[in-house]
Structures are given as C-alpha cells and as structure tokens.
1. So the label point sits 7 Å from Cα along the Cα-to-Cβ vector; using that for B:Ile78, what distances do you get to the other copies, in nanometres, sorted shortest first?
2. Quick one: check the C-alpha center-to-center distance for segment B:1-68 versus segment A:3-48, whole angstrom.
3. Can you find, among A:Gly29, A:Leu9, A:Met61, the residue farthest towards the positive end of the dipole of segment A:2-78? Put +1 on the C-beta of Lys and Arg, -1 on that of Asp and Glu.
4. What whole-number value in Å² describes the accessible area per residue of segment B:2-78 for a 1.4 Å probe?
5. Relative contact order of chain A, please, whole-number percent, based on alpha carbon pairs below 8 angstrom and at least 6 residues apart.
6. Chain pair B, A: how much accessible area is buried, both chains summed, with a 1.4 Å probe, in Å² to 100?
7. Residues of segment B:3-34 with accessible area at least 10 Å² lower in the all-protein-chain context than alone (1.4 Å probe)?
8. Sorted from shortest, what are the nm distances separating the label point of A:Thr27 from equivalent points in the other copies, each placed 7 Å from Cα along Cα to C-beta?
2 protein chains.
Amino acid sequence: MKARVFVTLKNGVLDPQGEAIRHALGTLGFAGVEGVRQGKVIDLDLVETDPARAEAAAAEMCEKLLVNTIIENYRVEIL
Amino acid sequence: MKARVFVTLKNGVLDPQGEAIRHALGTLGFAGVEGVRQGKVIDLDLVETDPARAEAAAAEMCEKLLVNTIIENYRVEIL
C-alpha cells in the first residue's frame, strides 16, 4: 500500500528557500508571483494492506521522524 | 490564484535522501517499509486569476527553473 506524506512549513515560519525561488522567478521575468512556499512530499511504500492501519503507521512515522511538528504541518494521503 | 507543483524524481533515479529515511525508519523499529522516495512540493501564490493561464504560467516556471526535467517529473495543480 502506498502512502504519500505532505510536509509544509507552518504559517509564519520563515521559508528562505521559498523566498529564493520567488526572487529567482522575478529575475527570470515571471511577474505576478506574490509568494512561494516550499515543502516536502514523501512517498512511502508499505507492506501493510489495510488503509486505516497504513495511515496510522504513516502518521506515527511523521510524528517520530519525518516531521518537525514545531514548525511543520503534515498530511497523510493513502493512494 | 494558488498553484501547487509536485516535483518527484523519475523512476530509476537514485534517491539517497529517500534511502536514508527508509534506513532511519527501520532503525526506529518501523517494519514493513519497502521503499521511500522524497520529492518537493512548491506552493505558488499567483496574481493571475484565470485557472488555465495560471496553470500554463506554473508549468513554464517548472520548465525554466523549478524542475530538472532530466531527472525529475512534475505535476501542476490549481487550487
């Protein structure tokens, strides 16, 4: 079973990488870009076949390793 | 208008970061993780209000800056 985890910075947390992209887009002539935020997507290939248990396992992985819950939000999607 | 870009490594491209995560999950006692791939998600806040034009602009940004199309795939989603 495949699970996809989205990790994004919480609102208010400074995102220097996103700012760098925004600046670079401006330099390349892309007008009208008001803001850029960069996050991570992690695709997990799990042996578990029960969707609910797979989602719970992925959420536990997020809490214990994948996500810094002080500054990041996450969302788990079962594919 | 908000656009979300998913950038993932193409199949067959080595993903050391994903491998590191897989190894770390094993060390933490998470069994049953067969594979991990890490990608990026980039949220763009665009002035453009027409969904089709916003999508086209985001795709152009991908081709010119955000994505290394030799080793990465991308998908644009208009939110």
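The values are calculated or read from the model by the stated rules, or taken from the named source; none is laboratory data. Keep in mind the model is a prediction, meaning the values are calculated, not measured. We place every Cβ from the backbone using ideal geometry, glycine too, and count neighbours over all the protein chains shown. Note: accessible area is taken over every heavy atom of the protein model, side chains too, but ligands, DNA and RNA are not part of it. Shrake-Rupley method; radii C 1.70, N 1.55, O 1.52, S 1.80 Å.
1. 3.2
2. 9
3. Checked the options; the winner is A:Gly29.
4. Working: 4220 Å² over 77 residues.
Per-residue value: 55 Å².
5. Numbers: 110 pairs, mean separation 41.3, N = 79.
That works out to 52 percent.
6. Values: alone 5700 and 5690 Å², together 8780 Å².
Chains B and A together bury approximately 2600 Å².
7. Output list: B:Arg4, B:Phe6, B:Thr8, B:Ile21, B:Ala24, B:Leu25, B:Leu28, B:Phe30, B:Gly32, B:Val33, B:Glu34.
8. Output for A:Thr27: 3.6 nm, nearest copy listed first.
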